[in-house]
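Novice: This is the structure I want to talk about, given as structure tokens.
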Amino acid sequence: MKYIKNFKTINLQDIPTVGGKNASLGQMIQDLTKKGIAVPQGFALTAQAYWLHLEKNNLVDRLKVFIKKLHKKTTLSVIHATGKEVRTLIESADFPQELIKEIEQAYEKLSKSAQQKNCSVAVRSSATAEDLPDASFAGQQETFLNISGKEALVQACKKCMSSLFTDRAIVYRIEKGFDHFSVGLSVGVQQMVRSDKASAGVIFTVDTETGFKDVVVITSSYGLGETIVGGEVVPDEFHVFKKTFKTGFIPLIKKFCGSKKRERVYGKTKNSIIVKNIDAVRRAQFSLTDEEVLLLTKYALIIEDHYSNLKGAWSPMDIEWAKDGITGKLYIVQARPETVHGFQQEKKHILKIYTLKNKESAVILAEGQSIGNQAISGKACLIHHPQDINSIKKGDIIITRMTDPDWLPLMKKASGIITESGGRTCHAAIVSRELGIPAIVGAPGVLKKIQHGQMITMDCSSGSVGTIYKDKLDISIQEIVLSQLKKTKTSILVNIAAPDRAYQTSELPVDGVGLARLEFIITNQAQVHPMACLFPEKIETKKMRDEIYAITAAYKTPAEFFMYNIAQGAGTIAAAFYPRPVLIRFSDFKSNEYKNLIGGKFFEPHEENPMIGLRGASRYTHELYAPAFELECKALKYAREVMGLDNINIMIPFVRTLTEAKNTIELLKKHGLVSGQKGLKIYMMCEIPSNVILIDEFSKYFDGFSIGSNDLTQTTLSVDRDSQLLSKTFDERDPAVMIMLQAAIEGAHAAGRPIGICGQAPSDYPEIAEFLMLHKIDTMSLNADSVLPFLSQK
């Protein structure tokens with residue numbers, strides 16, 4: 001055929017004639033089918049077919065008359081009118097007979113191969129200037145799904161060609177300085193995957209928010225994948241750690257169950273697509289099994305390796321996948337290089353730290369998923385349609401239900417974007433990354449909670465949750481040039497609270513994590529008291545039981561939910577820093593804090609002074625919590641042995657006596673956590689005078705120590721650190737505390753054990769840091785916001 005090429009016959013060398021998308025599909029079919037990756041068959045109308053249509057109908061000169069009056073200052077209304085006239089010209093002209101004949105012949109062959117009379121196909125554009133390093137905004141042209149029959153296919157191909165002149169495509173070319181008539185359009189015709197009966201989504205082989213390159217991120221939702229790309233749903237999200245996956249482990253370090261409120265499926269009439277609401281039971285379940293997530297990860301890494309080899313450098317990938325609900329088979333329907341992290345210039349080693357003043361007292365208006373590590377303030381501009389471009393002023397923050405490619409001209413004027421729906425791979429998220437502006441997607445009800453013209457602050461700098469505050473907050477930005485930081489003799493570690501900050505925090509020039517608190521992981525990942533997960537029948541109120549079952553619905557049992565979620569939280573932190581060591585402390589909530597977890601009030605005792613009550617080692621062996629401690633152990637054992645994250649070490653807090661030390665070590669052994677096995681090290685918090693006095697004896701049970709300066713100060717001075725009345729007495733610099741610090745270091749070293757500090761004192765007081773280094777402490781673990789200022793001063 002003269003104007004059509006089967007996908008099997010094309011590769012990346014054919015980009016000038018079939019465009020990036022079609023060339024990529026052909027390359028995968030040729031090279032990766034033999035490696036087990038399924039790509040739906042199809043064919044491409046070359047760019048020559050597009051030019052044939054224009055030339056046979058004498059359209060080029062007529063189109064130029066319309067197009068020549070467009071420039072960068074042309075209003076959107078003029079562009080809209082011009083685009084409509086151009087598209088009408090292209091669509092109303094008859095396709096050349098020789099082209100129709102070839103389309104029909106190719107379609108007959110495809111249908112025969114699919115063993116269907118008129119197989120259903122997707123018709124997509126593949127512009128010849130598309131998906132280049134500096135030209136990659138998504139979705140410039142139209143896509144037509146569930147097309148069947150020769151006549152319908154011919155019309156869809158013609159509409160696809162005319163979509164080279166959609167408003168968004170015209171604006172895009174004007175912005176890029178492309179000649180409208182040097183860009184051709186190839187049309188891809190690909191057999192449909194029946195994901196309307198299953199699920200579909202997007203894969204990135206890099207974390208798109210932080211650039212963390214060792215993770216595969218998969219989003220998934222029910223039905224056709226356009227609901228995700230179009231931002232119509234908050235999808236499920238899965239993260240798989242590449243390094244240990246490649247060595248045979250199962251490092252599924254994140255599973256987020258999205259709301260998935262609707263799906264796109266085939267309609268009852270021919271060639272139709274409809275949107276359906278999804279019932280609550282299906283929404284509460286994951287749209288992929290763990291096995292399918294791991295298989296997609298395997299496919300993604302094969303594709304990434306292949307394209308990296310072709311490029312001669314790392315090439316992170318943006319991949320679309322679909323599951324056929326009839327056969328259960330997973331297909332890759334599109335793959336192209338990711339454009340934000342894959343093609344950017346070499347990173348300048350500068351970290352920006354955003355600090356919002358008085359954030360704690362600020363009014364929170366809404367929350368969603370954060371995109372872009374920034375914090376900004378601006379006026380809210382509520383927009384319902386891209387035609388409302390005149391209502392937005394430069395620097396405004398767009399608030400809308402969702403965006404599509406027609407919104408690009410508006411988004412370029414905005415300083416930030418907030419949408420009610422969508423996930424991390426929706427259009428608003430993708431384009432905001434490329435524009436370098438922050439976005440918060442999937443913020444329910446935001447259009448009702450914020451008024452047009454209201455001054456607001458967006459914080460996307462504090463992890464995966466983006467927060468919208470009322471009024472303008474003072475924002476300070478600190479820039480640190482990493483190459484200018486000096487290396488210290490003492491090993492510097494970092495304290496980390498939330499798993500969703502791990503990828504970003506791992507960029508810090510530290511030797512690992514000196515303190516990851518399991519109680520913070522419980523708060524972030526589970527929210528439910530572990531005993532409530534183990535014994536939900538003991539919850540006396542039906543409302544709370546129902547809440548627990550709703551939260552844990554995606555898992556077989558609430559206990560399984562707790563174990564896997566804690567393993568994922570710990571795994572995320574360990575993966576981010578791998579192979580640097582990560583020290584995870586078992587939970588050290590006090591009884592009043594445990595009580596605040598969902599269901600906690602039914603399992604926690606009332607204590608007059610919980611700060612020195614049932615906490616730490618004494619809690620783990622007590623009947624009130626021992627079954628829950630077993631869940632904690634199972635979670636960390638799973639992260640180490642199933643996920644392959646053997647850089648995890650564990651730490652026991654608040655060990656009052658040698659008997660508690662002995663009992664806890666025996667309990668850990670019972671639950672499969674033994675010092676030395678598979679490289680495991682077990683540390684003890686040194687935070688009670690008895691720990692310092694008997695450090696030689698405690699060293700017989702533990703591999704090392706970490707000083708908790710807050711509790712050591714509290715117990716040395718007998719001051720409740722939560723008491724506002726005694727706040728002036730609580731001082732880590734007190735001579736008695738300093739003597740304890742020195743004695744702990746010297747005692748640990750005399751016993752041949754390493755000792756560090758993970759408390760707040762070195763972060764708050766430089767003189768304490770100097771004192772500790774003078775006495776040759778092995779490690780200092782600082783809060784993340786203290787690491788760079790500390791290193792820049794040394």
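The values are calculated or read from the model by the stated rules, or taken from the named source; none is laboratory data. None of the values given here were measured: they were computed from a predicted structure. Backbone-built Cβ (ideal geometry, glycine too); neighbour counts: all protein chains shown. SASA here: full protein model, heavy atoms, side chains in, ligands and nucleic acids out. Shrake-Rupley method; radii C 1.70, N 1.55, O 1.52, S 1.80 Å.
Novice: Using a 1.4 angstrom probe with every protein chain in place, what is the largest-first accessible-area order of ARG619, ARG501?
Specialist: Most to least solvent-accessible, the answer reads ARG501, ARG619.
Novice: Could you work out what % of the accessible surface of the stretch 392-520 is carbon and sulfur, using a 1.4 angstrom probe and leaving DNA, RNA and ligands out of the count? Working shown, then result.
Specialist: Working: 2370 of 4690 Å².
Answer for the stretch 392-520 is 51 percent, counting heavy atoms of protein chains only.
Novice: Let me ask another. Return a whole-number percent for the relative contact order of the stretch 230-388, with Cα pairs under 8 Å and 6 or more residues apart as the contact set. Can you show the working numbers first?
Specialist: Numbers: 144 pairs, mean separation 18.3, N = 159.
This gives 11 percent for the stretch 230-388.
Novice: I would also like to ask the following. Say the cut-off is 30 Å between C-alpha atoms; which of LYS352/LYS489; LYS637/LYS728; LYS243/LYS681; LYS109/LYS311; LYS487/LYS662 go over it?
Specialist: LYS637/LYS728; LYS109/LYS311; LYS487/LYS662
Novice: In sequence order, what are the phi-derived ³J(HN,Hα) couplings for the stretch 259-267 according to the Karplus relation 6.51 cos²θ - 1.76 cosθ + 1.60 with θ = phi - 60°, rounded to whole Hz, with x for glycine and proline?
Specialist: Values, residue by residue: 6, 6, 6, 9, 9, 9, 9, 5, x Hz.
Novice: Can I ask one more? Test of understanding: what is the full-extension gain from THR74 to LEU482, defined as 0.36 nm times their sequence separation minus their Cα-Cα distance?
Specialist: 142.5 nm
Novice: I would also like to ask the following. Taking 0.36 nm per residue of separation and subtracting the Cα-Cα distance, what length does fully extending GLU151 through ALA81 add? Provide the component values of the computation, followed by the final result.
Specialist: On the way: separation 70, 0.36 × 70 = 25.20 nm, distance 2.82 nm.
The GLU151-ALA81 span can extend by a further 22.4 nm.
Novice: Quick one: with all protein chains in place, what share of the accessible area of the stretch 135-280 is carbon or sulfur, to the nearest percent (1.4 Å probe)?
Specialist: Details: 2340 of 4620 Å².
The computed percentage sits at 51.
Novice: How much area per residue is accessible in the stretch 211-283 when the probe is 1.4 Å and only protein heavy atoms are counted (Å²)? Please list the in-between numbers first.
Specialist: Values: 2970 Å² over 73 residues.
Result: 41 Å² per residue.
Novice: For a test of the definition: using alpha carbon positions, the gyration tensor, and the 1.5 limit on a/c, classify the stretch 436-498 as rounded, prolate or oblate. Each step should come with its number before you reach the end.
Specialist: Numbers: a/c = 3.46, a/b = 2.38, b/c = 1.45.
Prolate shape, in that a/c is at least 1.5 and a/b is the bigger ratio.
Novice: Compute the relative contact order of the stretch 401-484 as a whole-number percentage, counting only Cα pairs closer than 8 Å that sit 6 or more residues apart in sequence. Spell out each step's value before the answer.
Specialist: Working: 101 pairs, mean separation 18.0, N = 84.
About 21 percent, as a whole number.
Novice: Here's a follow-up. Taking the Cα-to-Cβ direction at ASP722 and at THR541 and moving 7 Å from each Cα, how far apart do the two end points lie in nm?
Specialist: 2.1
Novice: May I pose another question? Just add up the charged neighbours of PHE241: K/R +1, D/E -1, any other residue whose Cβ is under 12 Å from the Cβ of PHE241.
Specialist: Local charge sum for PHE241: +3.
Novice: Turning to a different aspect of this structure: Give the accessible surface of the stretch 640-768 per residue, rounded to a whole number of Å², with probe radius 1.4 Å and ligands, DNA and RNA excluded.
Specialist: Values: 5410 Å² over 129 residues.
With the other protein chains kept in place, the stretch 640-768 gives 42 Å² per residue.
Novice: Sticking with this one: So how strong a dipole does the chain carry about its Cα centre when Lys and Arg Cβ are +1 and Asp and Glu Cβ are -1, to the nearest 20 debye?
Specialist: Details: 98 positive and 88 negative charges, 472 e Å.
About 2260 debye.
Novice: While we're on this one: Residues of the stretch 557-632: accessible area per residue at 1.4 Å, in Å²? The partial results should precede the final answer.
Specialist: On the way: 2430 Å² over 76 residues.
Result: 32 Å² per residue.
Novice: Shifting gears a bit: Can you give the extra length, in nm with one decimal, that the chain gains between ALA313 and ASP279 once fully stretched, where that is 0.36 nm per residue apart less the Cα-Cα distance? Don't skip to the answer; put the middle values down first.
Specialist: Numbers: separation 34, 0.36 × 34 = 12.24 nm, distance 4.51 nm.
Answer, rounded to one decimal: 7.7 nm.
Novice: What FRET efficiency comes out for the pair THR33/PHE178, r = Cβ-Cβ distance, R0 = 45 Å, nearest 0.05?
Specialist: On the way: r = 34 Å, r/R0 = 0.75.
For R0 = 45 Å, the calculated efficiency reads 0.85.
Novice: Just name one of LEU382, SER120, MET740: the one whose Cα is farthest towards the positive end of the charge dipole of the chain (beta-carbon charges, Lys/Arg +1, Asp/Glu -1).
Specialist: Highest projection toward the positive end goes to SER120.
Novice: Give, as a single signed number, the net charge of other residues whose beta carbon lies under 11 Å from the beta carbon of PRO405, with Lys and Arg counted +1 and Asp and Glu -1. Write down the numbers at each step before the final one.
Specialist: Details: positive: ARG168; negative: GLU142, ASP167, ASP404, ASP406.
Result for the neighbourhood of PRO405: -3.
Novice: Would the stretch 174-322 count as rounded, prolate or oblate if I go by the C-alpha gyration tensor, calling it rounded below 1.5 in a/c and otherwise prolate when a/b exceeds b/c, oblate otherwise? Don't skip to the answer; put the middle values down first.
Specialist: Numbers: a/c = 1.90, a/b = 1.04, b/c = 1.83.
Oblate.
Novice: How would the stretch 118-261 be classified by its alpha-carbon gyration tensor: rounded, prolate or oblate, with rounded meaning a/c under 1.5 and the a/b versus b/c comparison settling the rest? Write out the running numbers ahead of the final one.
Specialist: On the way: a/c = 2.36, a/b = 1.46, b/c = 1.62.
Oblate shape, in that a/c is at least 1.5 and b/c is the bigger or equal ratio.
Novice: How high is the FRET efficiency from SER361 to LYS449, r the C-beta distance, R0 25 Å, rounded to 0.05?
Specialist: Numbers: r = 19 Å, r/R0 = 0.76.
For R0 = 25 Å, the calculated efficiency reads 0.85.
Novice: Right, here's the next one. Test of understanding: extend the Cα→C-beta vector of LYS681 to 7 Å, then name every residue of the stretch 737-761 with backbone N under 12 Å from that spot.
Specialist: So the set is 753-757.
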